[in-house]
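Shown next, in structure tokens, is the structure this report addresses.
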Amino acid sequence: MELLNLMLLYYMFSFAILISDLIFLLALTGIVRIRLPGPYLELWGLAFLLFMLEVLVALAYEGEDTPRAAWTALLAYLTYTKLWVFVVLRSFYQDLIERRAVEWDKTERFDTARLELFSRRGRTGKPGPGEESE
């Protein structure tokens, strides 16, 4: 059941997005003309507005809703979200074609005590009130 969930959630969705983007680009360049009646432009516009609304609500909740953050969200829609499809397709290739063993890329750890000391001292690195210097 978990394998089916993984296949439907990531791989099939990513393939659908990839095919959708391909059809969009082919139609935009005039290579393909879709003759099926439907509100496709409106649907794309609503999907885009939903994406932006979700991101802006999350930014507002975190207190980071600035015009620059909104422009960054727009840039993310045009770049990062499209690159994520590449990551999923690469994973699909490694899992099902190469049959490569799944490995977890872990973040390299470091001494957190030193980091906490630095963050308490602020940007200057000088001891705060009531702290001793090392």
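Values quoted throughout were computed directly from the atomic coordinates according to the rules given, and no laboratory measurement underlies them. Predicted, not measured: the structure shown is a model, and the values here were computed from it. Backbone-built Cβ (ideal geometry, glycine too); neighbour counts: all protein chains shown.
Among residues of region 18-48 being among the β-branched types (Val, Ile, Thr) and within 21 Å of Trp84 (Cα to Cα), the one that is surrounded by the fewest Cβ atoms within 10 Å (Cβ to Cβ) is Ile19. Screening region 61-83 for residues that are outside any helix (DSSP H, G or I) and either among the polar types (S, T, N, Q) or surrounded by 10 or more Cβ atoms within 10 Å (Cβ to Cβ) (or both) and picking the one that is nearest to the chain's Cα centre (by Cα) gives Thr79.
Within region 25-36, residues that are under 21 Å from Leu78 (Cβ atoms) sit with their Cβ atoms under 7 Å from residues that are loosely packed, with under 10 Cβ neighbours inside 10 Å, at 6+ positions apart or across chains, in these pairs: Ala27/Arg33. Taking (1) part of a helix (DSSP H, G or I); (2) of a type outside the set (Ser, Thr, Tyr); (3) farther than 30 Å from Leu96 by Cα; (4) free of Cβ contacts under 8 Å to residues at least 12 places away in the same chain in turn, Phe51 satisfies each apart from (4).
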